[in-house]
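Q: Dropping the structure in here first, questions after.
The values are calculated or read from the model by the stated rules, or taken from the named source; none is laboratory data. As the structure is a prediction and not an experimental result, all values here were calculated from the model. Cβ sites come from the backbone with ideal geometry, for glycine too, and all protein chains shown count toward neighbours. Heads up: the accessible areas ignore ligands, DNA and RNA and are worked out on the full protein's heavy atoms, side chains in. Shrake-Rupley method; radii C 1.70, N 1.55, O 1.52, S 1.80 Å.
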Amino acid sequence: MSENICSILSASLCTYGIDQPGGVMENVFAPEVGFIDTPVPFTAGPKNIDACYVGENAEYVILGFRGTALGDGEQQAIIDWVNNFLAKPVTVDGIPGKLHQGFSNSVERLWEKKFQDEITARLKKSDKPLVVTGYSKGGALTPIGAAFLQKRQVVPADRMIVRMFEPPRPGNVRFARYFKKTFPSALAYAYQDDIVPHVPPVRYVSQLLARIPFLGDILEKYEDIDDWNYKSVGKLKFVDWDDKIVDGSPMLAIKRMEHMMGLIFGGDVLKMGRDHMPCGNIYNVLCGRDCPDMATFNI
């Protein structure tokens, strides 16, 4: 059975309906997913900045992690961005390596709400695999959540399909080695000059990003940033500047840095933010059409 990547991408975007009127089922991307019942939402953290749902369609049980919160006014978004900037890597019991403090805290808080129990109940009823997915911040929570499920012996790794979209880096090199060995088929999709998959930055990227006034002010607060040693996880599926999907490679990494330098020194740094928006960008490529009407994001 071929994988419907547009359906999985849409499942990741449906997470933004969790605290909106109508919930996940009324999200504009829900028809592409084809839910067979109403997904069960879970929220946690201050102002419910952490959110995920467990749902199901004809092919998969789905665990979707939401990205940065949008729903409860500016206060919720500000609190969630503060959580995103808690970027110092920390040790988490039972997980190899170190994880982004804010992202791992989000998954731990949701774990305390027992989303894993809903997954267990659904997997017992069928032989469907579990898709773990998320967009943006949700894409960083995705590998951490998969690691929690595997290490805490809730779901075996070979029953999980891990798909991340525009994900920040979730942890350090040691975590990345564990993740690659445990989830060798995990995929991470990134679009052109989106800045989010480059953060938290490794040393040479942090030196480049420090030239951007807003980011430079943030990065200079971290005196030990050169020792963080963050690394992306999952096999990269990159949407290039011709809207072609290509595999990650050392040469591609160099080309992406060259493009980023061109934007920074050419004065078009806003493109790195625009490319993070799904509509008009990665959604159009992976789904082969425009986003549904009324689909707007500020992720």
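Q: Hey, among Asp226, Asp243, which residue is modelled with pLDDT under 90 and over 19 Å from the mean Cα position of the chain (by Cα)?
A: Details: Asp243 fails: modelled with pLDDT under 90.
Only one candidate passes the filter, namely Asp226.
For (1) of a type in the set (D, E, K, R); (2) surrounded by 14 or more Cβ atoms within 10 Å (Cβ to Cβ); (3) modelled with pLDDT of 95 or more, each residue gets a yes or a no:
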site: Gln20; (1), (2), (3): no, no, no
site: Ala30; (1), (2), (3): no, yes, yes
site: Asp50; (1), (2), (3): yes, yes, no
site: Gly71; (1), (2), (3): no, yes, no
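Q: Let me ask something additional. Any idea which of Met251, Met294, Met257 is at pLDDT 90 or above and either exposed (fewer than 15 other Cβ atoms within 10 Å of the Cβ) or not hydrophobic (A, V, I, L, M, F, W, C) (or both)? Let's see the steps before the verdict.
A: Numbers: Met294 fails: at pLDDT 90 or above; Met257 fails: at pLDDT 90 or above.
After ruling out the rest, the residue left standing is Met251.
Q: What pairs come up if the first residue lies in the stretch 163-174 and is open to solvent by 10 Å² or more (accessible area, probe 1.4 Å), the second is in a helix (DSSP H, G or I) and of a type in the set (S, T, N, Q), and their beta carbons are under 9 Å apart, counting only those six or more places apart or on different chains?
A: From residues that are open to solvent by 10 Å² or more (accessible area, probe 1.4 Å), the pairs are Arg163/Ser12; Arg163/Thr142; Pro167/Thr142; Pro168/Asn84.
Q: Quick one: in the stretch 90-130, which of the residues that are within 23 Å of Phe175 (Cα to Cα) and among the aliphatic types (A, V, I, L, M) is surrounded by the fewest Cβ atoms within 10 Å (Cβ to Cβ)?
A: Only one residue tops the list, namely Val90.
Q: Filter the stretch 4-28 for residues that are in contact with an Asp or Glu (Cβ under 9 Å, 6 or more places away or on another chain) and either among the aromatic types (Phe, Trp, Tyr) or not in a helix (DSSP H, G or I) (or both) and give the result.
A: Asn4, Asp19, Gln20, Val28
Q: Right, another one. Any residue at all in the stretch 195-208 that's farther than 25 Å from Asn284 by Cβ, surrounded by fewer than 16 Cβ atoms within 10 Å (Cβ to Cβ) and of a type in the set (Phe, Trp, Tyr)?
A: Yes, because at least one residue in the stretch 195-208 is farther than 25 Å from Asn284 by Cβ, surrounded by fewer than 16 Cβ atoms within 10 Å (Cβ to Cβ) and of a type in the set (Phe, Trp, Tyr).
Q: Would you point out the residue of the stretch 158-209, among those that are of a type in the set (Val, Ile, Thr) and modelled with pLDDT under 95, that is nearest to Gly234 (Cα to Cα)?
A: The selected residue is Val173.
Q: Would you please name the residue that is farthest from His198 (Cα to Cα), looking only at residues in the stretch 145-173 that are under 14 Å from the mean Cα position of the chain (by Cα) and of a type in the set (Lys, Arg)?
A: This residue is Arg163.
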